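**Student:** Have a look at this one.
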Amino acid sequence: MELSDLRIFRAVVDEGGITRAAEKLLRVQSSVTTRIKRLEEDLDTPLFLRQGKKLHLTPAGHTLLDYAKRLQALADETRTAVQDPRPRGVFSLGAMESTAAVRLPLPLSEYYRRFPEVDLQLRTGNPTQLATAILAGEIEAALVAEPVAEGRFEHITAFEEDLIMVARKDHPPIGETGPLPPTIIAFEQGCPHRKRLETWYEQRGDMPRHTIQLSSYHAMLGCVVVGMGVALIPGSVLDTFPQNHLLSRHEPPAGLNKAATLLIWRKDAISPKIGALIDVLADHGQSHIRDGRSSSAT
């Protein structure tokens, strides 16, 4: 069953017969008759009672007429929405857990205020999971830590993060020399901050003997406070931890102490909703975004 079949069906109903429907649709009568017969065969039920030259709807025909009106109205609404340059409809956005908790509340509140016709839905995950979700069409865009696959995504830099290694309060300095702590606390594989922490160990010719894998930064920090291990945390997250006075902070080496959070979307698939989010992020103190948009999103 196609929308064109439903249009022909409605024309026959509205015009009271095949002949007038064909004239209205600028079709030959045989074409209209064939399409109605095909529709009846597809639905496996008669739609009209034929009494001489007159056609009367069967009960199934009355049911179909109601659905045909609703489906055509929805199709018209869909066409308008697709062609409308204003942000509207469902916007499925992905973000890393730390970004969703710390960076997004104010920008998303502003987004809701500016664009009430957008139904914004948020999904959290690690960068690999979110990138896969974009390619699968499950979400439109995501905020992830670099790097990204340049050939598959467009992006702008949304936030710059300072990364800090945290340990218990009385932990000795962690620097360029001396042993590294034997236990790290991190997210699952795929987390870029975990990769940076592991890279630090590799650069020192060492490796963690144990990895405690958790799904919450505050849970990680709680474990660090009691001395279970060390963690590499965005400074913006650390500033929200109420017991951060119980932690010691240690600077990672250059190259591992900074991380950019990127807003990414499928190549050549920017939408008004994504463009609106870029503008909101730019208005919330990310002055570099507008310049990045002109080079990366065009």
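The values are calculated or read from the model by the stated rules, or taken from the named source; none is laboratory data. Keep in mind that this is a model prediction, so the values were computed, not measured. Please note: Cβ atoms are built from the backbone with ideal geometry, for glycine as well, and neighbour counts cover all protein chains shown.
**Student:** Residue under question is residue 2, and the condition is that it be among the acidic types (Asp, Glu) and closer than 30 Å to residue 143 by Cα; does it hold?
**Tutor:** Judged against the criteria, residue 2 is not a match.
**Student:** Would you be able to tell me the number of residues in region 27-50 that are in a helix (DSSP H, G or I) and hydrophobic (A, V, I, L, M, F, W, C)?
**Tutor:** Qualifying residue count for the region: 4.
**Student:** Among the helices (runs of 4 or more DSSP H) confined wholly to region 177-256, which include 3 or more residues that are more than 26 Å from the chain's Cα centre (by Cα) and either outside the structural domain of residue 129 (by TED's automatic domain parsing) or on the phi > 0 side of the Ramachandran plot (or both)?
**Tutor:** In region 177-256, 192-203, 217-225 are the helices (runs of 4 or more DSSP H) which contain 3 or more residues that are more than 26 Å from the chain's Cα centre (by Cα) and either outside the structural domain of residue 129 (by TED's automatic domain parsing) or on the phi > 0 side of the Ramachandran plot (or both).
**Student:** Specify the residue that is modelled with the lowest pLDDT; the eligible residues are those in region 161-170 that are out of contact with any helix residue (DSSP H, G or I) (no Cβ under 6 Å at 6 or more places or on another chain) and under 15 Å from residue 232 (Cα atoms).
**Tutor:** Among residues in region 161-170 that are out of contact with any helix residue (DSSP H, G or I) (no Cβ under 6 Å at 6 or more places or on another chain) and under 15 Å from residue 232 (Cα atoms), the one modelled with the lowest pLDDT is 161.
**Student:** Which count do you get for residues in region 1-26 that are outside any helix (DSSP H, G or I), in contact (Cβ under 8 Å) with a residue 12 or more places away in the chain and more than 15 Å from residue 72 (Cβ to Cβ)?
**Tutor:** 2
**Student:** Condition first: in contact (Cβ under 8 Å) with a residue 40 or more places away in the chain and acidic (Asp, Glu). Can you find one or more residues in region 114-128 that meet it?
**Tutor:** No; the residues of region 114-128 include none that is in contact (Cβ under 8 Å) with a residue 40 or more places away in the chain and acidic (Asp, Glu).
**Student:** Only residues that are exposed (fewer than 14 other Cβ atoms within 10 Å of the Cβ) and closer than 19 Å to residue 125 by Cβ: list them for region 189-217, please.
**Tutor:** 189, 213, 215, 216
**Student:** Additional query: Of all residues in region 232-288, which are exposed (fewer than 14 other Cβ atoms within 10 Å of the Cβ), over 23 Å from residue 94 (Cα atoms) and among the small types (Gly, Ala, Ser)?
**Tutor:** Hits for region 232-288 are 254, 255.
**Student:** Mind checking which residues of region 206-223 are under 18 Å from residue 175 (Cα atoms) and out of contact with any Pro (no Cβ under 8 Å at 6 or more places or on another chain)?
**Tutor:** 207, the sole residue that qualifies.
**Student:** Let me ask another. Run residue 233 past the list (1) modelled with pLDDT of 90 or more; (2) more than 17 Å from residue 144 (Cα to Cα) and report the number of the one that doesn't hold.
**Tutor:** Against the list (1) modelled with pLDDT of 90 or more; (2) more than 17 Å from residue 144 (Cα to Cα), residue 233 comes up short only on (2).
**Student:** Tally up the residues in region 142-156 that are in a strand (DSSP E or B) and over 21 Å from residue 193 (Cβ atoms), please.
**Tutor:** Counting residues in region 142-156 that are in a strand (DSSP E or B) and over 21 Å from residue 193 (Cβ atoms) gives 1.
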